[in-house]
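Here is the structure we will look at.
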Amino acid sequence: MNILFFGPNGSGKGTQGAIVKDKYNAAHIESGAIFRDNIKGGTELGKQAKEYIDKGELVPDEITIPMILDRLKQDDCKVGWLLDGFPRNKNQAIKLDEALKAENMSLDIVVEILLDRQIAKDRIMGRRLCANDNNHPNNIFIDAIKPDGDKCRVCGGDLSKRADDQDEGAIDKRHGIYYDADTGTLAAAYYFKDLAAQGGSIKYITLDGAADIKSVTAELISKL
Ligand code: AMP
């Protein structure tokens, strides 16, 4: 299965993407993670990408598109792949579509997690990290996982904020790119939604991202 996964920062895209990847045993290709690995490894690509990533801007298409298209040709992708974080704009979507056709590769499923922009922002800014275990869910804006006062709701541990979760300007910039339905990430998603509507082989699935994690997973499983 070849899969695209769309969802704004704060929508639980990572969690739900991992479930789909496991179900189909697909290679998980996360553009942001590839850039981070390259930055850590001090590669030329990493150096080029860092200057944009630090500003919260997209890495230019001339760098990103060949990087991802080359990655799709690697052996582990033969059983299937899940792309997460790419395409991020309409141009990337068009170039991906062209490359898939040229390589005779199918696109089987596109998942879009729907979430109101303000809710996505609150989720990120409300996130709190437990000193004992990062996986303990705590969010001051989500009733189901509200901390116990200023302590972790699971273990009573001390809570802190992730610095980048509190950078409102950076969050707005990222969401500005995501929610731009003319040229941004939603435009990329809608490009494939249109193809699916034209009767191609693509299955386009939308999920209600405002629900709790378990409900989103249940909706996802039922629609796959
Ligand atoms: P992410 O981990 O997906 O939030 O990505 C982190 C950063 O990597 C983004 O803010 C961008 O600067 C860059 N990036 C990731 N994917 C792409 C893409 N498809 N096109 C351009 N830049 C990207």
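Roll a 1.4 angstrom probe over the protein heavy atoms and tell me the percent of accessible area of the range 53-118 that is carbon or sulfur. Provide the component values of the computation, followed by the final result.
On the way: 1600 of 3210 Å².
Whole-percent figure for carbon plus sulfur exposure: 50.
For a Förster distance of 25 Å, can you work out the FRET efficiency between the beta-carbons of Lys78 and Ile53, rounded to the nearest 0.05? Can you show the working numbers first?
Working: r = 30 Å, r/R0 = 1.19.
That gives a FRET efficiency of 0.25.
Order Cys77, Cys155, most accessible first, counting only protein heavy atoms with a 1.4 angstrom probe. Write out the running numbers ahead of the final one.
Details: Cys77 10, Cys155 65 Å².
From most exposed to least exposed: Cys155, Cys77.
So how much slack lies between Asp164 and Phe141, counting 0.36 nm per residue of separation and subtracting their Cα-Cα distance, in nm? Let's see the in-between values first.
Numbers: separation 23, 0.36 × 23 = 8.28 nm, distance 1.72 nm.
Using 0.36 nm per residue and subtracting the Cα-Cα distance, I get 6.6 nm.
Under the classification rounded if a/c is under 1.5, otherwise prolate if a/b is larger than b/c and oblate if not, where does the range 103-191 fall, given a ≥ b ≥ c as square roots of the Cα gyration tensor eigenvalues? Present the calculation step by step, with values, prior to reporting the outcome.
Details: a/c = 2.84, a/b = 2.01, b/c = 1.41.
Judged from the Cα gyration tensor, the range 103-191 comes out prolate (a/c at least 1.5, a/b above b/c).
What lysines does Lys78 reach when the alpha-carbon gap must be under 21 Å and sequence neighbours fewer than 8 apart in one chain are set aside?
Partners found: Lys21, Lys23, Lys95, Lys101, Lys203.
Extending each Cα 7 Å along its Cβ direction at Thr43 and Leu114, get the distance between those two points in nm, one decimal.
About 3.8 nm, to one decimal.
Find the accessible area per residue for the chain; the probe is 1.4 Å, ligands and nucleic acids are left out, and the unit is Å². Before the final figure, lay out the partial values.
Values: 11590 Å² over 224 residues.
Counting only protein heavy atoms, the per-residue value for the chain is 52 Å².
May I ask you to derive the FRET efficiency for Ala181 and Ile213 from their Cβ-Cβ distance with R0 = 25 Å, giving the value to the nearest 0.05?
After rounding to 0.05, the efficiency reads 0.45.
Leaving ligands and nucleic acids out of the surface, order Lys193, Lys23, Lys121 by accessible area at 1.4 Å, largest first.
On the way: Lys193 85, Lys23 115, Lys121 30 Å².
Ranked from most to least accessible, the order is Lys23, Lys193, Lys121.
Taking the dipole about the Cα centre of the chain, with the C-beta of Lys and Arg at +1 and of Asp and Glu at -1, give me whichever of Ala163, Asn139, His175 is farthest to the positive side.
Value computed over the given set: Asn139.
Given only helices, namely DSSP H runs of n ≥ 4 each adding -39500 (n - 2.57), what is the per-residue ellipticity at 222 nm of the chain, to the nearest 500 deg cm²/dmol?
Details: 9 runs with 101 residues, N = 224.
-13500 deg cm²/dmol, from helical runs alone.
In straight Cα distance, which lysines are under 16 Å from Lys90, not counting same-chain residues fewer than 8 positions off?
Lys193
The values are calculated or read from the model by the stated rules, or taken from the named source; none is laboratory data. The model shown is predicted, which means the values in this text are computed figures rather than measured ones. So basically every Cβ, Gly included, is an ideal-geometry build from the backbone, and we count neighbours across all protein chains shown. Ligands, DNA and RNA are stripped out before the accessible areas are found, and what is left, the full protein with its side chains, is counted by its heavy atoms. Shrake-Rupley method; radii C 1.70, N 1.55, O 1.52, S 1.80 Å.
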